[in-house]
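Written below as structure tokens is the structure these notes are about.
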Amino acid sequence: MHTMLINKPPDTGSQLSRHPLHQDQQYFPFGPSDAIVCAWTAMETVNRANGCLVVVPGTHKGPVHPHEYPKWEGGVNPLYHGIQDFDPNMPRLHLEMQAGDTVFFHPILIHGSGTNRTTGFRKAISCHFANDDICRYQPITQGQSNTANEIVDTAQRVLKKFGIDDADAKEAIPDLEGVWRMKAKAVSGVRNHL
């Protein structure tokens, strides 16, 4: 459903290289969550100094929490929404990894990453897979609406940069489901529902 090369830059003092604690399901208009998995692979050594993943064990069994932009001094990157009702006393686990190590996790697991305090970029690959036999597109929730609108606006702007006019961009990507229909690719078998 989704593949990213994450090239976390060294922080220049703005702390924009950190990613707030969030749940990936916030960005997805499909489910059920138990039929989705993320594979996050370190392309080099990943540690606390360069902003490794941090997870909150057991939170995949809970609800999807409300997300919005953190009210951090210096701001936050576009689309880096975070959980606002997070209990800071919950135990966190920092996932330090070597190149090639892969962690698989549920889309409701609360996770994020810290600031890259080194002079080099921190590289990883993140891929989300959804079982097309089980998953279906579903209406977005009230809590997803701001995130969904921002994703759709961003996707439409990208199409316009490639010379597609405003009306055609809005027709190609009318909503969050349209974004994911454009991005989704079958890994094996026949694409049925996603």
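Here are the numbers for the structure shown:
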quantity	calculated
Enumeration of residues in the stretch 46-73 that are within 20 Å of GLU96 (Cβ to Cβ) and open to solvent by 60 Å² or more (accessible area, probe 1.4 Å)	ARG48, PRO57
Verdict on LYS61 being basic (Lys, Arg) and over 17 Å from GLY112 (Cβ atoms)	yes
Filter pass, THR119 being of a type in the set (S, T, N, Q), surrounded by 16 or more Cβ atoms within 10 Å (Cβ to Cβ) and part of a loop (DSSP other than H, G, I, E, B)	no
Selection from the stretch 101-113 of residues that are open to solvent by 30 Å² or more (accessible area, probe 1.4 Å) and either of a type in the set (A, V, I, L, M, F, W, C) or over 24 Å from ALA130 (Cβ atoms) (or both)	VAL103, PHE104
Residue check, GLN156 surrounded by 13 or more Cβ atoms within 10 Å (Cβ to Cβ), among the polar types (S, T, N, Q) and within 15 Å of PHE30 (Cβ to Cβ)	no
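The values are calculated or read from the model by the stated rules, or taken from the named source; none is laboratory data. Because the structure is predicted, anything quoted here is derived from the model rather than measured. So basically every Cβ, Gly included, is an ideal-geometry build from the backbone, and we count neighbours across all protein chains shown. The accessibility values were calculated without ligands, DNA or RNA, using every heavy atom of the protein model including side chains. Shrake-Rupley method; radii C 1.70, N 1.55, O 1.52, S 1.80 Å.
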